[in-house]
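Here is the structure we will look at.
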Amino acid sequence: MLILAQQTEVASNPHVGAVLFYAFAALTALSAWAIVLSSNIVRMSVYLLFTLGGVAGIYFMLNAEILAAIQLIVYAGGTLILIIFGVMLTSKNPFMQLKVKGWETFAAIGIAFVIMGMLGWAMVNTDLMAGEKQPPGGYNDVANIGRGLLSKYLVPFEVAGVLLLVVMIGAAYMARKRRAE
């Protein structure tokens, strides 16, 4: 209901859409920088939650509701919780501080500039009007994607869920075994 109200408000006033986009972009960028600059693993996880939420907000603004839902459910919901539990179960001190060496900082900055250059090159050489095409396979709305997941792709979907469950049980077992030693 809230999304529908936002879409009608954005349709009536184009400035609201720009403000929302810049707000989500700023949230995403600032949270990503906070992840890089923080040395506390638990705080990094919280900043990652804000980063993933900002990306989901941008997906909602692009009317890609299925991507936004997947972003929130799978990444923000599942993966982030898995990271937090993994750190807290396997670490003796979940609030430990990370120490970054000087050469690691320079390597990360170099890799970041290479990635920024590749993204810039891709943006300059991409036809922006090519996005008007429909996705292959007829999966262009949430209902068709849901039907596909529960019919044609049911087995891989369930196998992925069981695999994640086995990984979580294995991590808990390994953490408990280490504590007993």
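Across region 15-22, coupling constants 3J(HN,Hα) worked out from phi with the 6.51/-1.76/1.60 Karplus curve, θ = phi - 60°, read 5, 5, x, 5, 5, 4, 4, 5 Hz, and Gly and Pro carry x.
Descending by average beta-carbon neighbour count within 10 Å, the peptides 103-109, 147-153, 55-61 line up as 55-61, 147-153, 103-109, the highest first.
Laboratory data are not the source of any read-out in this text; all were calculated from the coordinates shown. Computed from a predicted model, the values in this text were never measured in an experiment. So basically every Cβ, Gly included, is an ideal-geometry build from the backbone, and we count neighbours across all protein chains shown.
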